[in-house]
Amino acid sequence: MYRHLSISLIFLSLNFAVIAQPWKVELDSLNAIISSTDDDRVRMKTFLKLSALLSTVKPGDAMQYAVKADSLARINNDKSGIVRSMLSQCDFYSTIGEYDVSLELAYQAIKIAEPDPKLKGFCHNRIATIHAGMDNYEETLYHNKQSLKYSSEVGDSSGIIVDLHNVGRAFTDLQQYDSALYYLRFTNNYEIRHTGMADPYSLTNIGNVFLELGEYDSALAYHLEAYAYDVIADEKMLMALDEQFIAVTYLKFNMLSDAKEFAFKSLKTAKENGAYDLEFENYNTLFQIYEREGNYKKAFEYAKLYNITRDTLYERGKQSLILNLETKHLLKEQREQFKLLKKEKDLYYALSNEKEEKNKLYKKKQKLNLILLSVSILLFISLAIIFIQVYRRQRMYRDLTRQLRLANDSKEKLLSIIGHDLRGSVGTLKSAAATILECMNDVEDVRELLESFYPVADSTYDLLENLLTWAKCNKEKIEPSFIEINLNEVVDQSIRHTQHQASAKSIDMINNVPEITIEADQNMILSVLRNIMGNAIKFSHPKSKVIIAAEKQADEVIISITDNGVGMDRKNLERLFDSQDIVHSAGTLGERGSGLGLMICKTFLDSMGGDIRAESTLTKGTSFFIHLPLKQTKVQ
């Protein structure tokens, strides 16, 4: 455990810094610089700063900034900018676990860096970091030493301190503790000579090495010294880390009171900054302390907190894994699209050479191939945009897998419904047409047949109309156009539209709506009323009634559409407006429907600041209630 914490110290500190520092303020400041200058070099350096700032919190955005910096650097032939932007891209690929790609980029960067020793040092430092992520500690040690060599060559004291410390940590990973102590002590002495202050990072890692060796007196001394420097610098998160190490060391001495004091201090800071890893370690330490004290109630309490935090870390790990897999999938799709595009271009050039020797007919084929190539490019761009949009949306949701499954099930169900209904309706029309062509010569017979399948054509048209409206609603946000409308007149107009359906079943459509004026989108209101009235007719028994009424309540009007039809049970009523679970039922005379109408109604009413609900009793009928504001506010 201690060795793991030692290795992770600097990375934890960086993550805490991201949590604690106002990185969003710096993000706004850097974006303001981008907007205010046309200087390519200034923009390139700012893009690199943005990439570094977002590398841990928004790796995808960091990658985009790194690519922009790379483009500007190559335009201006800026070697340093090219190398640094390539190394920033390495960070992105390492973050998503694509270490091979990251290493390939880093080795390309080191070739470009020749013969600049400072840039070569940067490259070796990054290669060492990549190998550390792959647990290749021998390679990590080699490249850290190479980085130290180049930092020393150019006299970069800050780089020397970092490289000395990294060499010491690499020896710790290899469990070569004598060499680790030599380099970590050397780092601390070098820091004192150049800055007048000890290096708390090195002191902490020296203390952890002594913990590994079982030399607890030395471990405690170094952790307390590191802690003192943390307090002077007011580095809260470093203090919390060292407090945890000190608590563990006191526990080794069985000094339970002191161990408890430092564990609680560390736990408090960890909770304030959302540092779950540190909370996890402190809960484990407190569990051991109370267990040794014989306070089993407290020990059990912290054991539970330990397990809860472990589960939280596991869930965060799963979310990170989903994000990484999603990003890898997107990268793979992009690579496949690029390969496909290259093949199509190669084919185009081959055909172009042959076309010069062909006739005009072959030239027409050339144009066709060019069109196909253009369509392929547009398709690739469209797919790329869709993948990017999906990637950005999916990061916002923890329940990604469940939502995707629900969406796919809904689409499959919708396609099944539409395919079934259209096949039946079109099949009926086809059979009728064949009958007319093959068997009927009498005009009256033809007229009678046409009248019999008119409702089929009409329901098919309504299905397609609803499908197109639903598709448009899902494709883009439809903004309503508000005007003053007479509700009674709109209801009359809707009744006229559905009268042929009502007449076919001898159903009376009764308009009891008084003279009420509202502000609404007339086309949307008509669509909503037609759909609800159509449903009422569909599920009503022949020779029954459908009553439309309305009343004002405060600042809204409530429209009711009531039938005495088959009604529905509670289960179907609860599913009625669920876009993920389309309700699809046949009418009393077998009328078909897609289930899209109610979704369209819900969408239109939401856009106008309204709502819809339903009440129903099985075998007794259904009432739909449409709520609409009398006046529209300025902001919807």
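The values are calculated or read from the model by the stated rules, or taken from the named source; none is laboratory data. Source: prediction; values computed, not measured. A quick note on method: Cβ atoms are made from the backbone with ideal geometry, for glycine too, and the neighbour counts reach across all protein chains shown. When the accessible area is computed, the model is the full protein with side chains, heavy atoms only, and any ligands, DNA or RNA have been set aside. Shrake-Rupley method; radii C 1.70, N 1.55, O 1.52, S 1.80 Å.
Basic side chains Lys and Arg get +1 at the Cβ, acidic Asp and Glu get -1 at the Cβ, and with that the dipole of segment 177-278 about its Cα centre reaches some 160 debye.
Subtract the Cα-Cα distance of Asp508 and Ser157 from 0.36 nm times their separation in residues, and report this length gain in nm to one decimal.
Between Asp508 and Ser157, full extension yields an extra 117.1 nm.
Scoring 479-485, 561-567, 77-83 by mean Cβ neighbours within 10 Å over their residues and listing the highest first yields 561-567, 77-83, 479-485.
When the accessible area of segment 80-207 is computed with all protein chains present and a 1.4 Å probe, what percentage of it is carbon and sulfur? Numbers along the way, then the final one.
Values: 2620 of 5310 Å².
Carbon and sulfur: 49 percent of the exposed surface of segment 80-207.
What residues from segment 197-220 fall in the zone where the backbone N is under 11 Å from a label point 7 Å along the Cα-to-C-beta line of Phe253? Only 216-220 fall inside the zone, counting backbone N under 11 Å.
Ligands, DNA and RNA are left out, and with a 1.4 angstrom probe the accessible area of segment 65-181 is 42 Å² per residue.
Please check which bits of segment 178-200 a label hung off Ile232 would reach, taking the label as a point 7 Å along Cα-to-C-beta and the cut-off as backbone N under 12 Å. Counting backbone N atoms under 12 Å from the label point, the list is 192-193, 195-200. Charged side chains reduced to their Cβ positions (Lys and Arg at +1, Asp and Glu at -1) give segment 479-518 a dipole of some 280 debye around its Cα centre.
How high is the FRET efficiency between His541 and Leu630 when r is their beta carbon distance and R₀ equals 45 Å, given to the nearest 0.05? Given R0 = 45 Å and the Cβ-Cβ separation, E is 0.80.
By the equivalent-ellipsoid construction on the alpha carbon gyration tensor, segment 245-284 comes out with semi-axes of 19, 9, 6 Å, ordered largest to smallest. For the peptides 220-229, 85-94, residues were scored by their other Cβ atoms within 10 Å and the scores averaged per peptide; the highest-first order is 85-94, 220-229. The dipole here belongs to segment 261-310: it is taken about the Cα centre, uses +1 on the Cβ of Lys and Arg and -1 on the Cβ of Asp and Glu, and is about 140 debye.
Run the numbers for Glu261 and Glu138: contour at 0.36 nm per residue of separation, minus the present Cα-Cα distance, in nm.
Residue separation times 0.36 nm, minus the Cα-Cα distance, leaves 40.4 nm.
Look at the dipole of segment 161-229 built from charges on Cβ: of Tyr216, Ile161, Ala226, the Cα furthest out on the positive end belongs to Ile161. Peptides 34-44, 611-621 ranked from most to least packed by the mean count of surrounding Cβ atoms within 10 Å: 611-621, 34-44. Remark: for residue pairs Lys545/Lys631; Lys252/Lys298; Lys538/Lys620; Lys145/Lys252; Lys45/Lys271; Lys24/Lys236, the C-alpha separation exceeds 26 Å in Lys545/Lys631; Lys145/Lys252; Lys45/Lys271.
With a Förster radius of 35 Å, plug the Cβ-Cβ distance of Gln493 and Asp569 into 1/(1 + (r/R0)^6) and report the FRET value to the nearest 0.05.
0.60
Amide H contacts of Ala550 (H built 1.01 Å from N, in plane; Pro and chain starts excluded): Ser560 sit under 5 Å, all sequence-distant by 5 or more or on other chains.
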